[in-house]
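Asks: I'd like to ask some things about the structure below.
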Amino acid sequence: MLPLRKIASSGEIARVMLAVKTVLTSADQVPVLIFDEVDANIGGRVATAVARELASVSTRHQVLCITHLPQIAAAANVHFSVGKHMERQRTVTSIERLDADTRIHELTRMMGAEESSAAARKHAEELLHNAVD
C-alpha cells in the first residue's frame, strides 16, 4: 500500500476526487470545484460517464473543468475555448465564451474532424442534444 499521490496519475486522482465529490456533494460546503485532467487516458463511454457525473455535481456546486474531450465539453452549461499563441517571444493566452454555433464548431474541432465535415458537425450537435437530456 502506498499513498494515492505516489501511485496514481493526475487524471486518476482527478477522477477519484470526482467520485468522492459525487458521493459527498450534499454535505460539502466548498462552492467551486476545479477539475483539471479529469479526462486523462479515457474516452468513449467512460468519458460520457465522467461527463454525467460532472453534470450531476454541477447541480450543487460551481464546476470548472479543463477538458480535451468533446463528450465532457458538451455536458457543460457554458463552454469556453482557451488558446495559446506566441507573440514577440511570449506566450499569450486567450479565452472566448462560445455561443451555440461556435460551440458546435469547437466540439467538431475537438473530435479532430475537418471543419467541413457534415458527419462530425452532426455528431457534435448530437453530443449537445444528448447532454441536455
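Asks: Which of the residues belonging to region 74-110 are out of contact with any helix residue (DSSP H, G or I) (no Cβ under 6 Å at 6 or more places or on another chain) and small (Gly, Ala, Ser)?
Replies: ALA76, GLY83, SER94, ALA100
Asks: Can you confirm whether GLU106 is surrounded by 11 or more Cβ atoms within 10 Å (Cβ to Cβ), touching a strand residue (DSSP E or B) at 6+ places or on another chain (Cβ under 6 Å), part of a helix (DSSP H, G or I) and not aliphatic (A, V, I, L, M)?
Replies: Judged against the criteria, GLU106 is a match.
Asks: Quick test for you: out of ARG5, ARG15, pick the one residue that is open to solvent by 80 Å² or more (accessible area, probe 1.4 Å), in a helix (DSSP H, G or I) and over 28 Å from LYS122 (Cβ atoms).
Replies: Just one listed residue meets the conditions, ARG5.
Asks: Which numbered condition trips up ALA51, out of (1) modelled with pLDDT under 95; (2) open to solvent by 80 Å² or more (accessible area, probe 1.4 Å); (3) under 11 Å from the mean Cα position of the chain (by Cα)?
Replies: Exception for ALA51: condition (2).
Asks: Moving to a separate point now. Being of a type in the set (A, V, I, L, M, F, W, C), loosely packed, with under 13 Cβ neighbours inside 10 Å and touching a His at 6+ places or on another chain (Cβ under 8 Å) is the filter here; which residues of region 19-39 pass it?
Replies: Passing the criteria: VAL30, VAL32.
Asks: Working carefully through the options VAL38, VAL30, VAL50, find the one that is closer than 17 Å to ALA131 by Cβ, touching a residue at least 24 places away in the same chain (Cβ under 8 Å) and in a loop (DSSP other than H, G, I, E, B).
Replies: Values: VAL30 fails: closer than 17 Å to ALA131 by Cβ; VAL50 fails: in a loop (DSSP other than H, G, I, E, B).
Exactly one residue qualifies, and that residue is VAL38.
Asks: Just a yes or no: is a residue in region 82-100 in a strand (DSSP E or B) and under 15 Å from LEU69 (Cβ atoms)?
Replies: Within region 82-100 (the criterion being in a strand (DSSP E or B) and under 15 Å from LEU69 (Cβ atoms)), the answer is yes, since at least one residue qualifies.
The values are calculated or read from the model by the stated rules, or taken from the named source; none is laboratory data. Note that the coordinates shown come from a computational prediction; the quantities given were computed from them, not determined experimentally. Glycine also receives a Cβ, built like all others from the backbone with ideal geometry; neighbour counts cover every protein chain displayed. Keep in mind that these areas ignore ligands, DNA and RNA; they rest on the heavy atoms of the full protein, side chains included. Shrake-Rupley method; radii C 1.70, N 1.55, O 1.52, S 1.80 Å.
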